[in-house]
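Participant: Here it is: the structure, laid out below.
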Amino acid sequence: LVFCMDPANVLSWTGPNSSTVNDFMGTNTGTIYNNTSGSYGSNNSFVFDGIDDYIDLGVNKNLGQDLTVSFWLKRGETANASDTIFGDQLNQYRQFIAIDYYTTSTLYFKVSGNSRVEWNTLNTVNNTNWNNIVVMRDGTTSAKCFLNNVGQGTPTGASSTLPEEDCVFRYIGAGSHPYDREFKGDMGPIYIYNRSLSASEVAQNYNALKNRFRT
């Protein structure tokens, strides 16, 4: 585990009066911009308005080529057509992980430019339920996705595999700069590992938090 933020834990965030959020590993401090710190969302989460709310970690974080990103989210009642979950400054398309709702709920996992894999099986990622999404990169090219502890099969998209480039991100809830496809809704714990997790490890993490979000 190399990165962990949970708005419900005072070690990470002391609440709506604080514009600073820390990860449990003690190596990353983020600044909350605009209204994200205005109130706790449901289940003690961050609230993003889809317009100008985001968390800035200050610099791009290099995550390497073997990683797992796990996060909990709930869409806003009128979610944006395309929501950026994590963004960076190096990617010309500004999205590291994003969910597109133009047609179906499609999750994009990008490394650079339009080199991405995607899963269009996330139709249950709606605006009424909390969901746990896990995206992992196994080695340099292959990728996997779990939605609420259920594997989403082989990815499709502009490329069925990812280029041998490191994954980086800087922003939570926004693209490479403010006002670019911001996420609208609530976001809970974010876990990032420097390796791909096994299915049993994904299940362990999901079961540890499902009573908080899925009851």
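Values quoted throughout were computed directly from the atomic coordinates according to the rules given, and no laboratory measurement underlies them. For clarity, every value in this text was computed on a predicted model and none was experimentally measured. FYI the Cβ positions are ideal-geometry reconstructions off the backbone, even for glycines, and counts take in every protein chain you see.
Participant: Highest first, please rank the peptides 184-196, 16-28 by the mean number of other Cβ atoms sitting within 10 Å of their residues. Walk me through the intermediate numbers first.
Facilitator: On the way: 184-196: 20.5, 16-28: 14.3.
Peptide ranking by packing, descending: 184-196, 16-28.
Participant: Using the Cα gyration tensor of segment 1-64, with a ≥ b ≥ c the square roots of its eigenvalues, what is the shape: rounded (a/c below 1.5), prolate (a/b larger than b/c) or oblate (neither)? Walk me through the numbers before you get to the answer.
Facilitator: Values: a/c = 1.94, a/b = 1.34, b/c = 1.45.
Verdict is oblate for segment 1-64.
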